[in-house]
Structure formats: structure tokens, C-alpha cells
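Laboratory data are not the source of any read-out in this text; all were calculated from the coordinates shown. Note that the structure is predicted; figures quoted are calculated from it, not measured. Reconstructed Cβ throughout: ideal geometry from the backbone, glycine too, with neighbour counts over all protein chains shown.
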Amino acid sequence: MEKSMEERILDRIQKPGWVSTRGILMDPSGQLDKEEHRVAEEAMKELARQGLVRLWKLIIQDQGDELLVAARPDLELDKDLEERGAWAKAVRYDLD
């Protein structure tokens, strides 16, 4: 039985603590249809409304791409990426 999008997101945030839309869709280059990414983003937003994840915008430094990210509620993704000298930075994303 295939897991729902929400279940896959919750599974993936266990380690390393966060997942982007590209990660959940297994689309590292971002070539999938925009509608598929929109569905993943909506699933992340619903989980955030339920308090199960915290949302972030991941900004990839080399390309300037921005991706929506779901993280464990206790993970300060911005600080985590900065401490590790990561190739991206994270900015808190609040739902309207």
C-alpha cells in the first residue's frame, strides 16, 4: 500500500530533520511538473496547520532557487545549516 504524501513527509523529516519538495518528490533537478510541486507544498502546509511540521524557505546559494521545506517543529533549520556551512540558507515560512 502506497503511503500518502503527508505520511511520506513525516517519515522523511525524522532524519536529517527536514525535507524539501524536491526531496519528497525525488526530483533533485526540479524538472517535474509544477502541479506536482504544488501538491507537495499543500501537503506540507496542511501538516504545518496541524502543528506537525515547521515550514521554511530553502534558498540555494549558487542558483538562487527557493524551495519549500518541512522540518521537525523543534529544528531551527536556519541555525543548523549555518553551523554546518551548508550550500543553502533557510528563512522561516509562516502561513497566512
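Just to confirm the filter: which trypsin sites (Lys or Arg not before Pro) across segment 55-93 are DSSP coil and have at most 15 other Cβ within 10 angstrom of their Cβ?
R84
Considering the values [x] 6.4; [y] 10.2; [z] 6.9, which represents mean projected area of the Cα convex hull in nm² as calculated for the structure under consideration?
[x]
Express in nm, to one decimal, how much length is gained between L32 and Q14 on full extension, taking 0.36 nm for each residue of separation and deducting their alpha carbon distance.
My answer for the length gained is 4.0 nm.
Please go through segment 1-83 and write out the GluC sites (Glu not before Pro) that DSSP classes as loop and that have at most 13 other C-beta atoms within 10 Å.
E2
Scan segment 22-96 for chymotrypsin sites (Phe, Trp or Tyr not before Pro) in coil per DSSP, keeping those whose Cβ has at most 13 other Cβ atoms within 10 Å, and list them by number.
In loop regions of segment 22-96 (DSSP not H, G, I, E or B), the sparsely surrounded chymotrypsin sites (Phe, Trp or Tyr not before Pro) are W87.
Length gain on complete extension for the stretch D94 to Q61, per 0.36 nm per residue less the alpha carbon to alpha carbon distance?
9.8 nm
Using Cα pairs under 8 angstrom and six or more residues apart, how large is the relative contact order of the chain, in percent?
27 percent
Take the Cβ-Cβ distance between E82 and E42 as r, set R0 to 22 Å, and report the resulting FRET efficiency rounded to the nearest 0.05.
Result of the calculation: an efficiency of 0.15.
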